[in-house]
Number of protein chains: 2
Amino acid sequence: MAYFDCASSAPLHPVARQALLAALEEGWADPARLYREGRRARLLLDAARETAAEAVGCRPDELVFTPSGTRAVHSGVAGALAGRRRAGRALVVSAVEHSSVLHAAEAHEAAGGTVVRVGVDRTGRVGPAAYAEALGPGTALACLQSANHEVGTEQPVAEVARACAAAGVPLLVDAAQSLAWGPVDAEWSLLAGSAHKWGGPAGVGLLAVRKGVRFAPQGPADEREFGRAPGFENLPAIVAAAAGLRAVRQEAGEEGGRLRALVERIRARVPELVPDVEVVGDPVRRLPHLVTFSCLYVDGEALLHELDRAGFSVSSGSSCTSSTLTPSHVLRAMGVLSEGNVRVSLPPGAAEGDVERFLDVLPGVVSAVRERLGAPVSAAGAGDAGAFAGEAGALAGEAEAEEAAAFGGEAGPSSASAGAVGGEEPALTVDSLGKRCPVPVIELAKVIGDVAVGEVVAVLSDDEAARLDFPAWCEMRGQEYVGERPAERGSAYLVRRRA
Amino acid sequence: MAYFDCASSAPLHPVARQALLAALEEGWADPARLYREGRRARLLLDAARETAAEAVGCRPDELVFTPSGTRAVHSGVAGALAGRRRAGRALVVSAVEHSSVLHAAEAHEAAGGTVVRVGVDRTGRVGPAAYAEALGPGTALACLQSANHEVGTEQPVAEVARACAAAGVPLLVDAAQSLAWGPVDAEWSLLAGSAHKWGGPAGVGLLAVRKGVRFAPQGPADEREFGRAPGFENLPAIVAAAAGLRAVRQEAGEEGGRLRALVERIRARVPELVPDVEVVGDPVRRLPHLVTFSCLYVDGEALLHELDRAGFSVSSGSSCTSSTLTPSHVLRAMGVLSEGNVRVSLPPGAAEGDVERFLDVLPGVVSAVRERLGAPVSAAGAGDAGAFAGEAGALAGEAEAEEAAAFGGEAGPSSASAGAVGGEEPALTVDSLGKRCPVPVIELAKVIGDVAVGEVVAVLSDDEAARLDFPAWCEMRGQEYVGERPAERGSAYLVRRRA
C-alpha cells in the first residue's frame, strides 16, 4: 500500500508526533492563565510561534495560528479587504487558487465586492504581466498561491509581488503547498499556511500579516492570537505543527531532490507506458513531489478505485468522481483534459520501489478501465512517441487519427444522426445527452473517422466536463475544435476532422 | 500541586488521550477522499459524530464539529441570526453569558442589529419571566448558557426554552460548562459545546442545529461539515473529543456526586475559615465541581500568585489581575464583590486531600495578602457567624462595623478631607484616585468609623471595580450605599455609616 496523496494531507511527521505527545502533557492548560500550567502553556505557544515565524520568514508578532489553512485564508482575505476598504472593493485572484481563496472571493462578491480572476497558461501559471494589468486603483487585495495544489506549477510570486508593491496593493500568498519546501521568496504582505500539508497535525493553520499592512479582523474577536483568531488555542497541535515544520525544512533539501527525481521519472515514463495521456503542469518550475496527468477515455472515479485496489492512494481532478460533479477549476482554467485525471503527490520518505510498482500497475489499470468503457483502442502502443505529454505547455502535436479511423468501419452509434446545428452544417450528429464524462468523448472518437477530412461532427452533450474535454481532445488528436452552440438540451460541440 | 481550574480547560481524559493516539495512526487522511486512508478517516468521523450526537441528544446530521467552542458559538449565533433575518434583528442574551456569546452579540450590534441583555439575580440566575419579557416580535434569536462558567449557577434553560417556543424564537444554549455532566434537558434549537472543557483535546467544538431551525451559515463555506464549518477536519482530535465525552458521561454520576460533596465542603468551610468572604453563585442549582468566592480587601492577582506558590491553580474574575483591567462581567451583573475573587473548579479525580490542603492554606494566604495591603483586620475570627456567605442570594446581613470602628482611632489617610460632593454633604472625603482595587475599599473601611452614624463618607475613585465593590462592601458590612456622583476625575462614591 502506498499513499501518494500528500497534497491532500501529509502523514504526521515523526518529530511532530513526538512534539504532540509531549505537548499533550505540558500544554493543555490555558496560556492566558497566570498559574504554572498556564505559564508553561504560554512558553510553549511563544516558542512555537518563534519557530513557525522563522520558517515562514517573518517576525513572531506578525504570525498567528488559526484552526486550519482554510480559516487562515478566510481570515486573511476578509481582514485585508476590510483594512483596505477605503482603497476600493476589488479583489484580484488567480483562476487556479485553492478553493479556500475562491470561496473567500465568492463571499466578497456576495457582499457587493468585485473579483478579478487572472487566467493561467496551459501549464497553470499566471503571467506576471497579465496579473499586473489586473491591479487597478480600486484593488484592495491580490492573492496568489506559491504553487498550485493540483498540478504543482510554481507561480511567479516574486514578480507579482513587485507588481503589487508598485501598485500599492497588498499581496496574500497561499503557501499551503510549498511551505514544507522553503519560505516564499518574495515580498508578500500576508501569507497563509496549513500544518497538515507539511506533516503537522490537522487543526492548525497560520496567518502572517506584515507590520504596516492594513488589517481589520472580521467577525467576533477575543483576546487570543492578537485578536486575529478567536477561540482557545489548539496548543498541543500548534506545538507539533511548529516542530514538524522545522523538521521537514531540515530534510527539505535532500528529500526534495530525491522526490523531484522520482516525479521526473513518473513524468517521463507515464506517457511512454500509457497511450493517450497528457502530463500537465510545468515540468521544471514545480513542486518537487507532485505530478498530474490525464488519461483520455478514462473515468476518473473508476481509475481511482482500481488504483486503490492495487494499493495506491491518489486523487483526481476529474468531474467523474463521486465527491464532485464538475471538473477541477484548475484543469478547466488550464484548458487541459480533465478526464481520467490522476494527481500523484509523494510524501516525504516515499519509496522508490512503490513508485516503480505504480508505473508497473498503471498501464494495466488504465487499459482495463478503457476496455470496460468500450473506449477506442489506441494504435499507439506503449512507448509510442505519439503519446501526448503536455510538457511546458508544448503539445506533442502528433495526431493519431488512425485510431479513430479504425472505428470508422463500424456502424455509428445508434444515436448518431446527420443534422444542422447553428451556422455550421455537421456531416454527423451524435447524441450523448445524459451521458457522463468520458463517454461523450469516447463517442466522438468512435465516429470522427466516419466523416471526410474537412467535415464536421456535432456531439450533443449536457455534461459539465464536455466543454473542457472536447477542445482538449481536439488538441491532443490534431482535430479542429470549431466551437459550442446552445442546443435544445445541453450544447452541441462541433469538431472538424483534420486528420 | 493541584489544578483547580477545570472550567478554563480540563486535563485530557485518559480515554480521550488513548483515542487521540489511535486516531493519529488511523485518521490523518482526508475523509472526503475515496481511497482506503480516506474511507477509514470517514468512518472515524462518522462514528465520532454519532457518539457526540448521542451525548448531546440530537441526530448525527444535526451536529457539526467546529475548531473550538468559541467558533461554535460564533457560527451558531451568526447563522441563526442570518437564517431569521426576516423575523427581525434583535438578539436576546443573558448578561452572564460566556464572552464568546457576548462578542458575537457585539459583532451583531456593530452590524446594525440590536441586543437585549437580560439581567440576573445575585446568584447569577436569569429570571424566566424577565427572559420571556425580553422576547419580542422582532427577536431573531435567544441565547442562554446551561450553567455559568464563573459561578456555576445553573440557568432555567427548560423554562426559557418553553418561553422561546411560545414566542417562536429559536434558543441557542451554550452548554460548554455542563456537557460533561449530562445533556441539556430542554427543548433547545441550537447548542454549542467545547471539547477541552469536558476533558477532550483543544481544537474541537460542536454545534448542533435542530432540523427545522432556519440557519444560514455566514462567511465563506466549503463542503466540510455540511457546509457549516469550513476547513480540513481536525479528525484525530474530533475522535478523541467524542471518546472523551462518552467516557466522562459514564463517570458523571459517581464523580459528579463526589465533587459536589467536595464543593459543598468548600462552600461551607471557606466562610468559617476566612473572615470577610462572600461565597457567590447558587448553592444548590449549580455545577457539581465549581465554587466561587470573593475576599474583601484582597488583590485578586496577589491571591492567585500566592495560591500558585502554594501549589494551587485557580482563576479569578477580579479586575486586579494582569490579564484584565475590568472586573468580570458576570460578577458585575450579579452585583457581588469582585475583589479577591477566586474560582475553584475541580477536575474529575480531584483528590479530597488536595481540597483539604487548599482549605488549610487559604486562610493564611488571604491574611498575608491583606496584611501586605494594610487592610483592616476583621474582628470576626475564623468561624465567625458574621462571615458573609451569599448563599441562595440571601445576605448574611450581620454588619461588622466594629472592625471599621477599630480603625477610627487612627489618623485618617492623608488624602482624606472634608468637602461637598453634589447634593449630599459628606462629613469626610477620601481621595483614592489612581489607586486600584482593592485599595479604595480598604481606605473606605479605614475611615468609616471616623464619621458619626448617619454621616456620609465620599471616596473619590477612578477604578473600574469601584462601581461594583463599594455597593458590595456596603451590603456585606451593613452600611448604606448612597450612590455615585461624577467628579472632576473618576467618581465620588457616597457611603452613609449605619453601624
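Things to note:
- Residue, nearest to A:Pro201 (Cα to Cα), within region B:8-44, restricted to residues that are within 10 Å of another protein chain (Cβ to nearest Cβ) and under 30 Å from the mean Cα position of the chain (by Cα): B:Leu20
- Residue in region B:399-414 that is of a type in the set (D, E, K, R) and modelled with pLDDT of 90 or more present: no
- Conditions (1) in a loop (DSSP other than H, G, I, E, B); (2) within 22 Å of B:Thr123 (Cβ to Cβ): number failed by B:Tyr297: (2)
- Some residue of region B:181-195 being at positive phi and either over 20 Å from the mean Cα position of the chain (by Cα) or outside the structural domain of B:Val96 (by TED's automatic domain parsing) (or both): no
- Restricting region A:300-334 to residues that are closer than 16 Å to A:Arg122 by Cα and either among the aliphatic types (A, V, I, L, M) or at pLDDT 90 or above (or both), the residue that is surrounded by the fewest Cβ atoms within 10 Å (Cβ to Cβ) is A:His329.
- Within region B:70-79, the presence of at least one residue that is among the aliphatic types (A, V, I, L, M), buried (at least 21 other Cβ atoms within 10 Å of the Cβ) and in contact with an Asp or Glu (Cβ under 7 Å, 6 or more places away or on another chain) is confirmed.
- The residue that is nearest to the other protein chains (Cβ to nearest Cβ), counting only those in region A:70-105 that are among the charged types (D, E, K, R) and touching a strand residue (DSSP E or B) at 6+ places or on another chain (Cβ under 8 Å), is A:Arg71.
- Candidates B:Ala140, B:Ala130, B:Ala202 - the one that is part of a strand (DSSP E or B) and in contact with a Gly (Cβ under 9 Å, 6 or more places away or on another chain): B:Ala140
- Lone unmet requirement of (1) over 26 Å from the mean Cα position of the chain (by Cα); (2) surrounded by fewer than 22 Cβ atoms within 10 Å (Cβ to Cβ); (3) within 22 Å of A:Val369 (Cβ to Cβ) for A:Ile448: (2)
- Residues that are in contact with a Cys (Cβ under 8 Å, 6 or more places away or on another chain) and touching a residue at least 24 places away in the same chain (Cβ under 8 Å) number at least 1 in the following helices (runs of 4 or more DSSP H) confined to region A:1-96: A:69-83.
- For region A:300-323, the condition holds for at least one residue, the condition being that it is within 14 Å of chain B (Cβ to nearest Cβ), without any contact (Cβ under 8 Å) to a residue 60 or more places away in the chain, more than 20 Å from A:Lys197 (Cβ to Cβ) and in a strand (DSSP E or B).
- Reported count of residues in region B:157-199, each being assigned to a helix (DSSP H, G or I), out of contact with any Ser or Thr (no Cβ under 6 Å at 6 or more places or on another chain) and within 14 Å of chain A (Cβ to nearest Cβ), is 2.
- The criterion of being over 21 Å from the mean Cα position of the chain (by Cα), acidic (Asp, Glu) and within 20 Å of A:Val15 (Cα to Cα) holds for A:Glu255.
- Any hit, region A:458-473, residues being in contact (Cβ under 8 Å) with a residue 40 or more places away in the chain and over 16 Å from A:Glu339 (Cβ atoms): no
- Options B:Pro275, B:Pro271, B:Pro283, B:Pro288; residue that is in contact (Cβ under 8 Å) with a residue 12 or more places away in the chain, under 22 Å from the mean Cα position of the chain (by Cα), more than 23 Å from B:Val157 (Cβ to Cβ) and away from chain A (no Cβ under 13 Å): B:Pro271
- From A:Ser68, A:Ser100, residue being of a type in the set (S, T, N, Q) and either in contact with a Leu (Cβ under 8 Å, 6 or more places away or on another chain) or over 30 Å from A:Ala130 (Cα atoms) (or both): A:Ser68
- Residue check, A:Glu225 outside any loop (DSSP other than H, G, I, E, B), surrounded by fewer than 24 Cβ atoms within 10 Å (Cβ to Cβ), of a type outside the set (Phe, Trp, Tyr) and within 14 Å of chain B (Cβ to nearest Cβ): yes
- Close pairs (6 angstrom Cβ cut-off, 6 or more residues apart or separate chains): more than 10 Å from chain A (Cβ to nearest Cβ) in region B:228-246, surrounded by fewer than 24 Cβ atoms within 10 Å (Cβ to Cβ) and of a type in the set (S, T, N, Q) anywhere: B:Ala242/B:Thr51; B:Arg246/B:Thr51
- Single unsatisfied condition, B:Ala47 versus (1) farther than 30 Å from B:Thr153 by Cβ; (2) within 11 Å of chain A (Cβ to nearest Cβ): (2)
- Residue check for A:Val284: at pLDDT 90 or above and either in the same structural domain as A:Gly182 (by TED's automatic domain parsing) or more than 23 Å from A:Ser99 (Cβ to Cβ) (or both): yes
The values are calculated or read from the model by the stated rules, or taken from the named source; none is laboratory data. Just so you know, these numbers come straight off a predicted model, no measurement behind them. Glycine also receives a Cβ, built like all others from the backbone with ideal geometry; neighbour counts cover every protein chain displayed.
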